[in-house]
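K.L.:
Input: one structure, supplied below.
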Amino acid sequence: MPYRGLLAHYGPLLDLPAHTRPVTLLEGNTPLIPAVSLARQLGGGFELYIKYEGLNPTGSFKDRGMTAAISEALGRGVTTVICASTGNTAASAAAYAARAGMKSIVLIPQGKVAAGKLAGAIAYGAQVIQIDGSFDDALTMVVEISRKHPISLVNSINPYRIEGQKTAAFEICDGLEQAPDWLCLPVGNAGNITAYWAGFKQYNNLKWSGLPHILGVQAAGAAPLVLGHPVEHPETVATAIRIGKPARGEQALEAAEESAGRIIAVSDEEIVAMQKLLARLEGIWVEPASAAGLAGLAHEIAAGKFDARGRRIVAICTGHGLKDPEIVTQGMDKPKIVAPQLQALEEVILG
Ligand SMILES: *Cc1c(COP(=O)(O)O)cnc(C)c1O
């Protein structure tokens, strides 16, 4: 049967109201790619898979939750949706709203959104508003305005987002024909870690048995769950997880504890180094935040705090590298210019 999107594929496992009217871009069904070279580089002796969520229709995992949230809203007769976003939620909300014939409004923190994300939101026709403040300020504002006006909130505090995002856990278990031993992923507002843990728990014994340990990874400059208190001015190159007060922080801590896993922080240098390593060793280019889960795994292995031997580990790469090209091109030398003559080219290539 042809693939018809997440709600068609996993709908009966998702807690969505009967009025839901599916709006899909055939999201999900993303590849689980074996990363043999990277596993060897990290010491070897274990199986490593990349769940490449950057291959969703708008370039990030946000499409999984958005198909659910927009489908529910459409069935309820909603005509306008709103969200606060570090970029990827904005692009996803705008695309699914466009497909549903709705208006979308997105609030982004001023000057802190990667070029490919902002361009997406604009291309899909969202009304984009910059807030002279942080993501956390923007989130507070959209919550208030959606209470006061007939505008629906599609941030991950919307419960249907979490329902849709559970499908990634189902796909991983279906792909491996069991749950992995460990799941490593970046943690920002903590909707995704919450959804994975809910998905794994629901699928356990339903189709395959077993539960993974969860390694949640924050950026050191935006690590409220590691520090144990909100961060007033979060800072990191990984803009998608530049969040000081995670909306689902409690649930993230629960997922780590219940799964006998943990939440750790890694430096921006470790994140950028992993982004580069993954692209060069495996041909998988992800945005900085998306490399945080793997950076955390590398950090723990190097610190001797993680016995990877014989384990089956899945790392979630949440968004595509094309979202944030400037991270790669800024500060680099421009490609060399050569005369259109064979000899000139030979000199450059052969030295
Ligand atoms: C949203 C996002 C995250 C963080 O997910 P949360 O659910 O906020 O924890 C990580 N990486 C990318 C690319 C994202 O878009």
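K.L.:
Filter region 1-28 down to the residues that are closer than 15 Å to I162 by Cβ and of a type in the set (A, V, I, L, M, F, W, C), then identify the one that is surrounded by the fewest Cβ atoms within 10 Å (Cβ to Cβ).
P.N.:
L13
K.L.:
Let me ask something additional. For region 15-123, give me every one of the strands (runs of 3 or more DSSP E) that falls completely inside it and has 3 or more residues that are more than 27 Å from M274 (Cβ to Cβ).
P.N.:
In region 15-123, 80-84, 103-109 are the strands (runs of 3 or more DSSP E) which contain 3 or more residues that are more than 27 Å from M274 (Cβ to Cβ).
K.L.:
In region 229-241, what count of residues is obtained for those that are more than 10 Å from the ligand (Cβ to nearest atom), open to solvent by less than 70 Å² (accessible area, probe 1.4 Å) and either not aliphatic (A, V, I, L, M) or not assigned by TED's automatic domain parsing to the domain that holds D268 (or both)?
P.N.:
2
K.L.:
Another question, if that's okay. Which members of region 147-188 meet the condition of being modelled with pLDDT under 95 and aliphatic (A, V, I, L, M)?
P.N.:
I157
K.L.:
With touching a strand residue (DSSP E or B) at 6+ places or on another chain (Cβ under 6 Å), assigned by TED's automatic domain parsing to the domain that holds H299 and away from the ligand (no atom under 13 Å from the Cβ) as the only criterion, which of A273, A255, A265, A279 stands out?
P.N.:
A265
K.L.:
Restricting to region 29-45, give me the number of residues that are open to solvent by less than 40 Å² (accessible area, probe 1.4 Å) and out of contact with any helix residue (DSSP H, G or I) (no Cβ under 6 Å at 6 or more places or on another chain).
P.N.:
Matching residues across region 29-45 total 2.
K.L.:
Please list, ordered by first then second residue, the pairs with beta carbon atoms under 6 Å, 6 or more apart or interchain, first in region 80-91 and more than 8 Å from the ligand (Cβ to nearest atom) and open to solvent by less than 10 Å² (accessible area, probe 1.4 Å), second among the basic types (K, R) and in a loop (DSSP other than H, G, I, E, B).
P.N.:
From region 80-91, no pairs qualify.
K.L.:
Sticking with this structure for a sec: Which members of region 106-159 meet the condition of being among the aromatic types (F, W, Y) and within 11 Å of S85 (Cα to Cα)?
P.N.:
Correct list: F135 only.
K.L.:
A further question on this structure: Out of all the residues in region 206-215, which are buried (at least 24 other Cβ atoms within 10 Å of the Cβ) and either among the polar types (S, T, N, Q) or free of Cβ contacts under 8 Å to residues at least 60 places away in the same chain (or both)?
P.N.:
Scanning region 206-215 gives a single hit, I214.
K.L.:
Still on this structure: Take the residues in region 243-252 that are within 10 Å of the ligand (Cβ to nearest atom) and assigned to a loop (DSSP other than H, G, I, E, B); name whichever of them is farthest from G87 (Cα to Cα).
P.N.:
The selected residue is R248.
K.L.:
Could you check, for region 297-308, whether at least one of its residues is in contact (Cβ under 8 Å) with a residue 60 or more places away in the chain, within 16 Å of the ligand (Cβ to nearest atom) and in a helix (DSSP H, G or I)?
P.N.:
Among the residues of region 297-308, at least one is in contact (Cβ under 8 Å) with a residue 60 or more places away in the chain, within 16 Å of the ligand (Cβ to nearest atom) and in a helix (DSSP H, G or I), which makes the answer yes.
K.L.:
Quick one: in region 282-291, of everything that is within 15 Å of the ligand (Cβ to nearest atom) and not hydroxyl-bearing (S, T, Y), which residue is surrounded by the fewest Cβ atoms within 10 Å (Cβ to Cβ)? Steps first, answer last, please.
P.N.:
Initially, region 282-291 is screened for residues within 15 Å of the ligand (Cβ to nearest atom), giving 284-291.
Still in the list and also not hydroxyl-bearing (S, T, Y): 284-289, 291.
On the way: I284: 23, W285: 19, V286: 30, E287: 31, P288: 27, A289: 32, A291: 32.
My answer is W285.
K.L.:
Of everything in region 196-216, what is part of a loop (DSSP other than H, G, I, E, B) and of a type in the set (G, A, S)? Give them in sequence order. Break it down into steps so the answer makes sense when it comes.
P.N.:
So the first thing to find is which residues in region 196-216 are part of a loop (DSSP other than H, G, I, E, B), and the list is 205-207, 209-212.
Answer for region 196-216, where residues must be part of a loop (DSSP other than H, G, I, E, B) and of a type in the set (G, A, S): S209, G210.
K.L.:
While we're looking at this one, here's another question. Would you please name the residue that is least open to solvent (accessible area, probe 1.4 Å), looking only at residues in region 126-145 that are closer than 26 Å to H233 by Cβ and of a type in the set (G, A, S)? Break it down into steps so the answer makes sense when it comes.
P.N.:
From region 126-145, those closer than 26 Å to H233 by Cβ are 128-145; that's our starting set.
Applying the additional criterion that residues be of a type in the set (G, A, S) yields 133-134, 138.
Values: G133: 29, S134: 26, A138: 0 Å².
It comes out as A138.
K.L.:
Out of the residues in region 189-205 meeting the condition of being open to solvent by less than 10 Å² (accessible area, probe 1.4 Å) and touching a Pro at 6+ places or on another chain (Cβ under 8 Å), tell me which one is nearest to the ligand (Cβ to nearest atom).
P.N.:
Per the criteria, the residue is A190.
K.L.:
With respect to I145, determine if the residue is in the same structural domain as G310 (by TED's automatic domain parsing) and of a type outside the set (S, T, Y). Talk me through it step by step, then tell me what you get.
P.N.:
On the way: in the same structural domain as G310 (by TED's automatic domain parsing): no; of a type outside the set (S, T, Y): yes.
So I145 fails the test.
K.L.:
Here is a list of conditions, (1) surrounded by fewer than 23 Cβ atoms within 10 Å (Cβ to Cβ); (2) within 21 Å of the chain's Cα centre (by Cα), and M102 meets all of them except one; can you say which number that is?
P.N.:
With (1) surrounded by fewer than 23 Cβ atoms within 10 Å (Cβ to Cβ); (2) within 21 Å of the chain's Cα centre (by Cα) applied to M102, the lone miss is (2).
The values are calculated or read from the model by the stated rules, or taken from the named source; none is laboratory data. Note that the structure is predicted; figures quoted are calculated from it, not measured. Ideal geometry is used to build each Cβ from the backbone, glycine not excepted, and the neighbour counts take in all protein chains shown. Note: accessible area is taken over every heavy atom of the protein model, side chains too, but ligands, DNA and RNA are not part of it. Shrake-Rupley method; radii C 1.70, N 1.55, O 1.52, S 1.80 Å.
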